[in-house]
1. Take the residues in the stretch B:198-225 that are of a type in the set (A, V, I, L, M) and away from every other protein chain (no Cβ under 14 Å), then tell me which one is surrounded by the most Cβ atoms within 10 Å (Cβ to Cβ).
2. Every residue in the stretch B:336-350 that is within 14 Å of chain A (Cβ to nearest Cβ), touching a Ser or Thr at 6+ places or on another chain (Cβ under 7 Å) and not small (Gly, Ala, Ser), please.
3. Find the residue count for the stretch A:1-27, including only residues that are outside any helix (DSSP H, G or I) and in contact with a Leu (Cβ under 9 Å, 6 or more places away or on another chain).
4. Just wondering, is there one or more residues in the stretch A:241-257 that are at pLDDT 95 or above, closer than 22 Å to A:GLU352 by Cα, among the polar types (S, T, N, Q) and crowded, with 19+ Cβ neighbours inside 10 Å?
5. Could you check A:LEU149 against (1) within 17 Å of A:VAL4 (Cα to Cα); (2) surrounded by 17 or more Cβ atoms within 10 Å (Cβ to Cβ); (3) not assigned by TED's automatic domain parsing to the domain that holds A:ARG33 and say which number it fails?
6. Can you name every residue in the stretch A:76-118 that is without any contact (Cβ under 8 Å) to a residue 12 or more places away in the chain and in contact with a helix residue (DSSP H, G or I) (Cβ under 8 Å, 6 or more places away or on another chain)?
7. So, of the residues in the stretch B:154-175 that are within 14 Å of chain A (Cβ to nearest Cβ) and either surrounded by fewer than 23 Cβ atoms within 10 Å (Cβ to Cβ) or modelled with pLDDT under 90 (or both), which turns out to be farthest from the chain's Cα centre (by Cα)?
8. Which residues, taken from the stretch A:285-304, are within 21 Å of A:ALA30 (Cβ to Cβ) and either at pLDDT below 95 or facing chain B (nearest Cβ under 9 Å) (or both)?
Protein chains: 2
Amino acid sequence: MSQVYADRRIRLRDRCAAAGNAAALVSRPANVRYLTGGAPPGAVLLVGPEPGADVLLRPASAEGDPLDGRLDEVLRQQRLPLGGGDPAVAAARLARGFGADGLAVEEHDLTVARHRSLTTAAPGLRLADLSCAVEQLRVVKDEDEIACLRIAAEIADQALGELLESILVGRTERHLALELERRLVDHGADGAAFPTSVATGPHSGRRGHRPTDRRVEEGDFLSVCLGADYRGYRCEIGRTFVIGTAPADWQIELYELVFAAQRAGRESLAPGAEYRDVDRAARQILDAAGHAATAVPLTGHGVGLEIDEDPQLSPSAMGKLDACVPVTVEPGVHLPGRGGVRIDDTLVVRQEADGGPELLTITTKELLAL
Amino acid sequence: MSQVYADRRIRLRDRCAAAGNAAALVSRPANVRYLTGGAPPGAVLLVGPEPGADVLLRPASAEGDPLDGRLDEVLRQQRLPLGGGDPAVAAARLARGFGADGLAVEEHDLTVARHRSLTTAAPGLRLADLSCAVEQLRVVKDEDEIACLRIAAEIADQALGELLESILVGRTERHLALELERRLVDHGADGAAFPTSVATGPHSGRRGHRPTDRRVEEGDFLSVCLGADYRGYRCEIGRTFVIGTAPADWQIELYELVFAAQRAGRESLAPGAEYRDVDRAARQILDAAGHAATAVPLTGHGVGLEIDEDPQLSPSAMGKLDACVPVTVEPGVHLPGRGGVRIDDTLVVRQEADGGPELLTITTKELLAL
């Protein structure tokens with residue numbers, strides 16, 4: 001595995017060198033993990049002018065970390081002494097020691113105060129902006145990364161499937177969410193990919209709803225959104241069910257609408273498709289039915305080492321999909337006071353010749369009455 | 001409750017005005033919550049030159065939020081339109097509209113990239129540093145805040161007490177952690193205050209240990225650290241137990257040592273005590289027993305709307321405790337390969353005349369063999 005991380009660092013080094021910077025400081029935890037295989041709390045990665053100069057700097061602490069086991073064993077590590085302060089500051093001093101005059105830093109991650117402390121600690125070192133170079137490298141996944149996402153999706157499908165077999169009426173959103181998270185871990189997840197959302201009745205269909213003490217009632221819509229973290233890779237699945245023997249007409253109608261929007265989004269996933277065209281494919285179906293006013297900012301996003309990463313599938317997003325980019329497609333409608341529907345899948349963009357978009361979250365999208 | 005938040009904003013406004021800034025932009029979520037009663041995701045607070053000018057700016061989103069119910073209902077709110085971008089940018093434009101020439105921002109929270117976007121959006125507006133002004137206001141708690149912490153501690157005590165009555169041998173760290181988190185919610189917590197740590201055998205005694213699949217075995221030390229979030233206020237309790245009928249001699253010895261260090265820390269809590277003296281009281285007992293090499297950076301910290309806030313009880317910390325400051329006291333020793341002990345309480349600093357430090361987490365600190 002070490003070679004994978006070393007190759008990723010080489011790609012980053014090449015980008016930096018092309019921009020005239022001899023070294024780069026990576027501070028964003030998901031980016032550190034992408035380039036090293038691990039992300040000990042507070043650690044930063046200094047990518048030097050040649051491979052031997054790369055070093056992971058860790059804060060003072062007597063603690064180990066379960067992720068350490070997957071850390072690139074070839075990469076040099078340096079642990080700061082007690083009272084040694086911010087590893088990013090130590091990295092800036094090291095970079096100056098290389099004779100580097102330019103150090104590219106992640107200006108979208110470093111705070112103004114922290115950036116200033118680097119300038120103070122390493123005068124004469126010119127700080128440039130690495131910008132989202134590592135995030136850009138992360139957009140297209142390799143097959144090992146996709147394999148992790150596939151397992152994460154299987155785990156989420158299993159957890160959700162078990163929930164559907166249990167009695168739901170009378171249980172609170174909070175308890176259902178906790179039970180789902182326990183089941184994720186039971187099935188081998190390292191944890192939940194993000195806080196599990198369970199929304200009942202008037203809460204249903206809200207994106208990112210935080211579970212409350214409301215109990216499931218007959219006639220409710222129940223929308224659930226969960227995901228597993230498997231070796232750092234995070235997937236997402238969302239489904240909406242109806243509680244009781246038969247859904248009401250308005251529920252069937254709304255469900256079919258969101259289902260159609262979600263299908264349109266899924267079917268528009270292809271290498272070369274504009275991000276905003278995928279968003280529009282789903283969004284225009286909801287807009288045409290009069291739901292533009294309650295629309296959400298995006299109808300999907302990339303997933304990987306973070307649950308919400310590039311690309312963003314939104315009206316103003318610029319760019320085109322590539323093959324091997326995993327994204328969610330997750331339109332929804334929430335009618336204030338009544339509830340709503342969300343349907344959310346994780347898929348991998350694939351060439352038409354390879355069978356088109358690969359659906360990772362395979363739980364049925366039929367409207368189930370539970 | 002509105003008046004509490006309005007008064008807090010007045011104190012902040014006074015500080016800003018004294019520093020020559022007519023307005024302040026608060027972006028750190030815990031600080032927004034302290035000043036408004038709620039913290040909708042992505043919201044920022046603009047504190048204007050007079051109370052009527054204060055406004056909470058929220059990102060475009062059709063979603064509500066359970067915390068909204070506690071939001072100061074007098075405070076003006078503004079929701080950005082879809083595609084309206086960063087609320088902080090909108091706040092900077094508003095501030096320029098006040099005729100404010102100086103806007104104080106949280107440079108320890110804003111990234112370099114976000115700070116630059118404010119400058120670009122509101123040319124002519126001078127950005128100053130609010131620094132940790134809100135964090136400083138937050139250090140001393142009022143009795144309502146302490147009441148929330150007291151309830152949070154009771155919940156954590158209950159969850160821990162129930163765990164001790166169940167069978168532990170053979171269960172994994174992950175499952176015990178999930179069960180504790182479920183029990184926290186059962187007893188009325190809004191959630192866990194931080195990821196629950198359960199550490200068995202060789203993992204025991206590690207600060208912030210992330211639960212693994214290791215199972216509890218006879219003869220293990222078992223250390224547990226958990227906390228409840230109650231209305232945003234977060235407490236912390238940590239205990240170490242021994243599994244089986246009788247602890248080994250080295251376990252008793254190590255436990256007594258950490259217990260003595262923790263007691264020394266607790267007993268040194270008093271208004272006027274230097275932060276570092278509290279740290280030293282606990283630390284010197286561990287150092288004298290030969291554990292300086294495995295020492296952790298701090299032996300305690302403030303708690304409140306964040307689980308780790310000011311003050312830091314560490315060797316280099318500057319400052320003195322006040323009455324009504326809640327802190328943890330949590331020394332520990334971890335012997336690599338063998339395990340260790342941590343004991344962690346949340347207490348409120350009180351005057352001697354008021355009975356001295358108020359212990360919020362009351363679970364016994366006797367060495368229990370389970």
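1. B:VAL224
2. If the condition is that a residue be within 14 Å of chain A (Cβ to nearest Cβ), touching a Ser or Thr at 6+ places or on another chain (Cβ under 7 Å) and not small (Gly, Ala, Ser), then B:VAL341, B:ARG342 are the ones that fit.
3. Taking the stretch A:1-27 first, the residues outside any helix (DSSP H, G or I) are A:1, A:19-27.
Going one step further and asking which of them are in contact with a Leu (Cβ under 9 Å, 6 or more places away or on another chain), we end up with A:19, A:21-27.
Count: 8.
4. No: zero hits.
5. Of the numbered conditions (1) within 17 Å of A:VAL4 (Cα to Cα); (2) surrounded by 17 or more Cβ atoms within 10 Å (Cβ to Cβ); (3) not assigned by TED's automatic domain parsing to the domain that holds A:ARG33, the odd one out for A:LEU149 is (1).
6. A:THR111, A:VAL112
7. B:ARG171
8. Residues of the stretch A:285-304 within 21 Å of A:ALA30 (Cβ to Cβ): A:298, A:300-304.
Correct list: A:LEU298 only.
The values are calculated or read from the model by the stated rules, or taken from the named source; none is laboratory data. Note that the structure is predicted; figures quoted are calculated from it, not measured. Positions of Cβ are generated from backbone atoms using ideal geometry, with glycine treated the same way; all protein chains shown enter the neighbour counts.
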